[in-house]
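The values are calculated or read from the model by the stated rules, or taken from the named source; none is laboratory data. Just so it is clear, the model here is predicted, and its values are computed rather than measured. Methodologically, a virtual Cβ is constructed for each residue, glycine included, from the backbone with ideal geometry; neighbour enumeration extends over all protein chains shown. In case anyone asks, the SASA skips ligands and DNA or RNA and just uses the protein heavy atoms, side chains included. Shrake-Rupley method; radii C 1.70, N 1.55, O 1.52, S 1.80 Å.
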Amino acid sequence: MKWYGYIICFVLIIVGIFSTMELVKLFNVKSAEYGTVITIETKNDYTEVSKFDYGSLSFDTEDYVHFTNVSTFAPQDFNGKQNDYTILVNGQPTNNIIVNAGKISGDLTLAFYNLNGDVASTAELHILIEYYASGTKVTLTTQNSNDSVSYLTTYTNINGAVIKVVQRG
C-alpha cells in the first residue's frame, strides 16, 4: 500500500469517529425544561390561602336560565378584616371583589370565540366563598345566555377549574 492509501484510511477513520459522535447526539434524546414559568401569583407576590380544585364544573338548574354549583370543603382559616385578598380562577384574577370577615366574592367574565375570531358567547361567573367553622362553602352561579353554560362547561372540561383565594403581598 502506498503512502496516500494510509492518509485516506486515516481521514476515513477520523470522519467515522465524528459521524459516530453526531449520531450518538442525535439519538440520545432527553427531555429538559429551560427557564421558569412566571405566574400571576409569583409576579405579584401573592400567598395562597385556599385552593379549590374542581377538575370540571357541573351546574344544577331548575329553569335553564340560572345555573348554580354548590360545593362544601374542609374548614379553613380566613379573616377578611385583617388582610387584603383576591380570587384567582385558573390564574385569572376576578373583578368586583367583596371581602367580609368570613366570606369573599368576585366575578369572572370569560369570552369564547368562534373560528373567525368573533365573540361567540360570554359567560359571567359569580363566585361566593363562605368560611364557616364546620366547613367552607363555595357557590358558583351563572346565567345562560347564548349557550354560555355549554361553552363554560367545555372550557372547564379541557382546562379544569382551580379557584384560589390569595393574599396580596
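Summarising the amide proton neighbourhood of Gly102: residues at separation of 5 or more, or on other chains, whose placed amide H is nearer than 5 Å comprise Gly80.
By the rule of a C-alpha distance below 16 Å, with chain neighbours fewer than 8 residues away ignored, the lysines paired with Lys81 are Lys103. With every protein chain in place and a 1.4 angstrom probe, the accessible-area ranking of Asp53, Asp77, largest first, reads Asp77, Asp53.
Computed on protein heavy atoms with a 1.4 Å probe, the accessible areas place Glu130, Glu48, Glu62 in the order Glu62, Glu48, Glu130, largest first. Compute the helix-to-body angle for 148-159: its Cα long axis versus the longest principal axis of the chain, expressed 0 to 90° and rounded to tens. It is inclined by approximately 40 degrees.
Nonpolar atom fraction for the range 49-149, defined as the carbon and sulfur part of the 1.4 Å probe accessible area, stands at 45 percent. Per-residue surface analysis assigns Ile13 an accessible area of about 100 Å², computed on protein heavy atoms at 1.4 Å probe radius. Sequentially through the range 89-102, phi angles give Karplus couplings (6.51, -1.76, 1.60; θ = phi - 60°) of 10, 6, x, 9, x, 8, 10, 6, 6, 10, 10, 10, 4, x Hz, Gly and Pro residues having no value and appearing as x.
Judged by the gyration tensor of its Cα atoms, with axes a ≥ b ≥ c, the range 22-169 is oblate; a/c meets the 1.5 cut and b/c is at least as large as a/b. Contact order for the range 112-169, expressed relative to its length and based on alpha carbon pairs under 8 Å spaced 6+ residues apart, stands at 27 percent.
Label-to-label distance for Asn100 and Thr154 is 3.7 nm, based on points extended 7 Å past Cα in the beta-carbon direction. The angle separating the long axis of helix 3-27 from the principal Cα axis of greatest extent in the chain is about 10 degrees. Length gained on full extension, Met21 to Thr141: 37.1 nm, using 0.36 nm per residue less the C-alpha separation. The 1.4 Å probe gives accessible areas that order Ile163, Ile8, largest first, as Ile8, Ile163.
Using 0.36 nm per residue, how much length does the chain from Ser58 to Cys9 gain when fully extended, once their Cα-Cα distance is taken away?
On the way: separation 49, 0.36 × 49 = 17.64 nm, distance 7.23 nm.
Length difference between fully extended and current span is 10.4 nm.
Take the Cβ atoms of Lys51 and Lys81, set R0 to 22 Å, and the FRET efficiency comes out at 0.50.
Each Cα pair under 8 Å and six or more residues apart adds its separation to the average, and for the chain the resulting relative contact order is 30 percent. In this structure Thr72 has an accessible area near 110 Å², from a 1.4 Å probe over the protein heavy atoms.
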